[in-house]
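*Asks:* The structure is given below, and queries will be raised subsequently.
FYI, it's all coordinate maths here, none of it is from the lab. Keep in mind that this is a model prediction, so the values were computed, not measured. With ideal geometry, Cβ positions are generated from the backbone for all residues, glycine too; neighbour counts draw on all protein chains shown.
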Amino acid sequence: MAAVESTMLPLGTEAPKFKLLDTVSGEWKTFEDVKGEKGTVVMFICNHCPYVKHVNDELVRVAMDYMPKGVGFVAISSNDVTRYPDDSPEKMKETAERLGYPFPYLYDETQDVARAYQAACTPDFFVFDADDKLVYRGQLDDSRPGNDIPVTGKDLRRALDLLLEGKMIPEVEQKPSIGCSIKWKEEV
């Protein structure tokens, strides 16, 4: 379980657009389809990563708390499913249904979307404002598997609260997320 940190995409970056398959509905979704009126959270996650498994229930709680306030949520898995079959679209659908994801769970087969977001790990979080500009990137909170810190989502929740209040999220408060590396396809 080698830990990798977020690359911390520059603040102000416009949300990279995408069109990916939602593994639950079977429909294609774009950034425009998932964005919220007041902001959007893009999460790079996967099924097999212990860091994601550790926070899955809180991801659902955060989304359920903020979606009614005008924040859109989407989860994307970009892992190489040839080497990591637990992250296949079929398994993604099973995971989303079992955990009750209230957000689409999209499959980035080409890994182009992960590259566009400079996603490095799972989980990796990106918050965009109503104008699709990046205002927060980093961790959910300080909890990690085995460190005995409760999973609260405090960092992401604070970012979303400030976003909804129309305030800047101080860069000093934005700590890189830590998790398993994105499982990139091997060059052929």
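*Asks:* Near LYS19, which aspartates and glutamates are there with a Cα under 14 Å away, not counting those fewer than 8 places off in the same chain?
*Replies:* Straight-distance partners of LYS19: GLU27, GLU32, ASP33, ASP108, GLU109, ASP112.
*Asks:* Stretch LYS133-MET168 to full length: gain in nm at 0.36 nm per residue minus the Cα-Cα span?
*Replies:* Full extension of this stretch gives 11.4 nm more.
*Asks:* How big is the charge dipole of segment 4-181 about its Cα centre, in debye rounded to the nearest 20, if each Lys and Arg gets +1 on its Cβ and each Asp and Glu gets -1 on its Cβ?
*Replies:* 140 debye
*Asks:* Write down the percent of antiparallel bridges among all DSSP beta bridges whose residues are both part of the chain, to the nearest 5.
*Replies:* 70 percent
*Asks:* Taking R0 as 22 Å, what's the FRET efficiency between ASP80 and THR30 from their Cβ-Cβ distance, rounded to 0.05?
*Replies:* According to the calculation, E is roughly 0.40.
*Asks:* Assuming a ≥ b ≥ c are the square roots of the Cα gyration tensor eigenvalues, decide whether segment 107-160 counts as rounded (a/c under 1.5), prolate (otherwise, with a/b larger than b/c) or oblate.
*Replies:* On the way: a/c = 3.31, a/b = 1.35, b/c = 2.45.
Oblate.
*Asks:* What full-extension length gain, to one decimal in nm, is calculated for MET67 and LYS185 as 0.36 nm per residue of separation minus the Cα-Cα distance?
*Replies:* Gain on stretching MET67 to LYS185: 39.2 nm.
*Asks:* Still on this model: Putting +1 on Lys and Arg Cβ atoms and -1 on Asp and Glu Cβ atoms, find which of VAL24, ALA63, LEU162 reaches farthest to the positive end of the dipole of the chain.
*Replies:* LEU162
*Asks:* Within 10 Å, count the other beta carbons around each residue, average over each peptide in 38-50, 141-153, 15-27, and list them highest first.
*Replies:* Those peptides, ordered most packed to least, come out 38-50, 15-27, 141-153.
*Asks:* Same structure, new question: Where the centre of each part is set by its Cα atoms, how far does segment 16-53 sit from segment 65-107, in angstrom?
*Replies:* When both Cα centres are located, 7 Å separates them.
*Asks:* Suppose only helical runs count, i.e. DSSP H with n ≥ 4. What mean residue ellipticity at 222 nm does that imply for the chain under -39500 (n - 2.57) per run, divided by all residues and rounded to the nearest 500 deg cm²/dmol?
*Replies:* -7500 deg cm²/dmol
*Asks:* Place +1 on the Cβ of every Lys and Arg and -1 on the Cβ of every Asp and Glu in the chain, take the dipole about the Cα centre, and give the residue among GLN174, ALA3, ALA15 whose Cα lies farthest towards its positive end.
*Replies:* Toward the positive end, the furthest listed residue is GLN174.
*Asks:* Where in the chain are the DSSP H helices whose alpha-carbon span along the long axis reaches 27 Å or more and whose Kyte-Doolittle mean is at least 1.0? All intermediate terms of the calculation are to be shown ahead of the outcome.
*Replies:* Values: long enough: none.
Helices passing the filter in the chain: none found.
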